1. Give me the Å³ per residue figure for the convex hull around the C-alpha atoms of region 134-260.
2. When only the heavy atoms of the protein chains count and the probe is 1.4 Å, how do Lys263, Lys152, Lys126 rank by accessible area, highest first?
3. If the cut-off is a Cα-Cα distance under 14 Å, which aspartates and glutamates reach Lys179, setting aside same-chain residues fewer than 8 apart in sequence?
4. Quick one: net charge around Ile170, please, counting Lys, Arg +1 and Asp, Glu -1 for every other residue with C-beta under 14 Å from its C-beta.
5. Taking all protein chains together and a probe of 1.4 Å, list Trp80, Trp135 from the most accessible to the least accessible.
6. Note down, for region 100-161, the three equivalent ellipsoid semi-axes (square root of 5 times each alpha carbon gyration tensor eigenvalue), biggest first, whole angstrom.
7. Which of the pairs Lys180/Lys248; Lys73/Lys120; Lys180/Lys206; Lys206/Lys278 have their Cα atoms more than 30 Å apart in this structure?
8. Once fully extended, how much extra length lies between Glu225 and Glu209, figured as 0.36 nm per residue of separation less the alpha-carbon to alpha-carbon distance?
Amino acid sequence: MAMLSTSLSAAGSKSAATLYSPPNFSGLRRSSCPKLENPSSNSLHLFDSQLRLPSLSTRRPCRAVVAMAGTGKFFVGGNWKCNGTKESITKLVSDLNDAKLESDVDVVVAPPFVYIDQVKSSLTDKIEISAQNSWVSKGGAFTGEISVEQLKDIGAKWVILGHSERRHVIGEDDLFIGKKAAYALNEGLGVIACIGELLEDREAGKTFEVHAALRDWLKKNVSDEVASKTRIIYGGSVNGGNCAELAKQEDIDGFLVGGASLKGPEFATIVNSVTSKKVAA
Ligand SMILES: O=C[C@H](O)COP(=O)(O)O
């Protein structure tokens with residue numbers, strides 16, 4: 001498997017939909033977007049830290065206004081991973097509070113557990129808080145774990161599950177991640193579920209095919225409504241320089257950003273890349 005890159009933001013789930021009272025979603029997808037002339041050379045790759053985006057300049061612009069899936073809102077999550085100190089996080093929160101963010105974007109940040117309370121009490125309420133993990137069931141004698149109930153108690157609205165770093169470094173598997181996701185959703189926490197594509201798909205530039213296949217899978221195995229409501233977001237070296245081009249792509253309903261989310265102004269640029277999605281080429 002490749003490193004994490006594709007995530008399902010499960011805001012379409014019943015529980016999360018209740019939490020966020022989504023407005024009328026159109027669920028419209030572009031149907032007339034022309035195919036890339038040379039998908040293998042033009043397509044984006046999902047990458048780890050060694051790999052970088054290929055040039056996007058040869059990508060043929062899509063002459064269509066993109067209608068977002070899900071709530072109709074772009075979704076940008078900042079995964080701070082195991083980074084930060086009280087001091088650096090104070091600065092990051094201050095930069096985010098000062099930033100001008102497009103209003104029609106769901107913005108979420110995921111600090112390390114120990115800083116959630118600090119962030120929650122100092123960050124603008126326009127940005128919601130996510131955890132980076134949660135326990136698979138109700139809390140109890142599970143040393144070192146954090147329960148969904150505790151996350152809700154401290155004000156978190158989301159949790160990232162299935163991140164490749166937890167799959168490959170910690171050893172979590174699909175079954176365990178699936179149980180965690182089910183528990184969190186059932187308890188009313190939004191889930192950002194991460195699904196890595198195969199390395200050979202990534203290297204063949206099939207990232208967008210993976211996104212489309214995910215949507216098709218949901219359609220066939222769950223329902224048209226869930227397929228339409230689920231936001232499929234992209235993660236993997238998204239930054240201030242490549243976000244606008246990435247945002248235009250069909251079946252990219254937002255981003256999960258790692259390193260670039262640690263810099264407030266750059267993260268704001270990524271959030272505001274939604275404007276490029278709204279512009280008809
Ligand atoms: O959770 C985020 C992904 O692992 C991407 O991280 P990155 O933007 O630092 O490549």
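The values are calculated or read from the model by the stated rules, or taken from the named source; none is laboratory data. Note that the coordinates shown come from a computational prediction; the quantities given were computed from them, not determined experimentally. Note that each Cβ is placed from the backbone with ideal geometry, even for glycine, and that neighbours are counted across all protein chains shown. Surface accessibility is based on the protein's heavy atoms, side chains included, excluding ligands, DNA and RNA. Shrake-Rupley method; radii C 1.70, N 1.55, O 1.52, S 1.80 Å.
1. Details: hull volume 17.7 nm³, N = 127.
Cα-based convex hull of region 134-260, divided per residue, equals 139 Å³.
2. Values: Lys263 110, Lys152 90, Lys126 165 Å².
Heavy-atom accessible area, descending, gives Lys126, Lys263, Lys152.
3. Partners within reach: Glu187.
4. Working: positive: Lys81, Arg166, Arg167, Lys180; negative: Glu145, Glu165, Glu172, Asp173, Asp174.
Net charge around Ile170: -1.
5. Details: Trp80 0, Trp135 40 Å².
Greatest to least solvent exposure: Trp135, Trp80.
6. On the way: eigenvalues 117, 26, 15 Å².
That gives 24, 11, 9 Å for the three semi-axes.
7. Numbers: Lys180/Lys248 32 Å; Lys73/Lys120 22 Å; Lys180/Lys206 28 Å; Lys206/Lys278 24 Å.
Violating the 30 Å Cα-Cα cut-off are Lys180/Lys248.
8. Values: separation 16, 0.36 × 16 = 5.76 nm, distance 2.03 nm.
Additional length available on full extension: 3.7 nm.
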